[in-house]
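Asks: The structure that follows is given in the form of structure tokens.
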Amino acid sequence: MPTNLSKAVKEWRKNTKLKLITCMGSRCQLCGYDKCNDALEFHHIEPTEKDFSFGSIRANPKNWDSIKRELEKCILLCSNCHREIHKHVSFLPTAYQKFDEKLLEQEQYKHLLKQTEKTYCPVCNKVKNNANKYCSLSCASTFKFKVDWTTVNLIDLIDKQKLSKTAIAELLGCSDAAVGKQYRKLKCSTNCATVEYLVDVDGLEPPTFLMSWIYSPLPSTHSAHTSN
């Protein structure tokens, strides 16, 4: 079953390809083909100026400025015309649609603009794409340790206000796993504090089931072998 992450990656790849071909005219600039986006490719007019292939950004995403510079060296072709150009069966047209970011302003493509708008990384203050929280994985890993949990009442947010861990993570800018870990830690300390209070009250013994639940050792990860 695909994870939410894998779905997000597929959606990102689909939208990125659509955004690139939209900026290049949305059709083959030699024969006019426009039926299937997967059949449209980018041909570098001067192969010696090629810095990276557009297939490589599927696995190693580039920032929008780098992609724009590369698109300016290209022409959009269908896969058939692309191969004919390389085999010198066909030749590049003298007039064709060059890279134009303004084509994204068309109503049907405005949702793609969100991926290209620039904001600033909350860690290093460098420019980043609006679609990303941080400018790099390094900044993302650094930021997650900056949550001041002493200022966050997780017990109240989760138990009383019924906020989900995912919603809280969005507000704090950390992962929902980090929220869950901190919540479990707080619940454990709260339970331990309850037992200590009961022990301190004169003449009152804490319930046996509560003591055994709080202080019982964690089950071993290795099963004990019994002898016959």
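Asks: Does Pro93 satisfy the condition of being in contact (Cβ under 8 Å) with a residue 60 or more places away in the chain and over 28 Å from the mean Cα position of the chain (by Cα)?
Replies: Against the criterion (in contact (Cβ under 8 Å) with a residue 60 or more places away in the chain and over 28 Å from the mean Cα position of the chain (by Cα)), Pro93 qualifies.
Asks: Right, something else. Of these, Leu104, Leu112, which one is under 30 Å from Ile45 (Cα atoms) and at pLDDT below 70?
Replies: Residue meeting the stated conditions: Leu112.
Asks: Moving to a separate point now. Which condition number does Thr166 fail, the rest of (1) outside the structural domain of Lys19 (by TED's automatic domain parsing); (2) outside any helix (DSSP H, G or I); (3) at pLDDT 70 or above being met?
Replies: Thr166 satisfies every listed condition except (2).
Asks: What's the number of the condition Val152 fails, among (1) in the same structural domain as Ile168 (by TED's automatic domain parsing); (2) modelled with pLDDT under 70?
Replies: (2)
Asks: OK, next. Tally the residues that are within 14 Å of Ile45 (Cβ to Cβ) and either in contact with a strand residue (DSSP E or B) (Cβ under 8 Å, 6 or more places away or on another chain) or not assigned by TED's automatic domain parsing to the domain that holds Tyr33 (or both), restricting the search to the range 72-85.
Replies: 7
Asks: Output the helices (runs of 4 or more DSSP H) that fall wholly within the range 1-94 and possess 3 or more residues being out of contact with any Ser or Thr (no Cβ under 7 Å at 6 or more places or on another chain), modelled with pLDDT under 95 and among the basic types (Lys, Arg), or say none.
Replies: It comes to 4-23.
The values are calculated or read from the model by the stated rules, or taken from the named source; none is laboratory data. Every value quoted in this text rests on a predicted model; they were computed, and no experiment measured them. Neighbour counts are summed over all protein chains in view; Cβ atoms, including those assigned to glycine, are modelled from backbone coordinates with ideal geometry.
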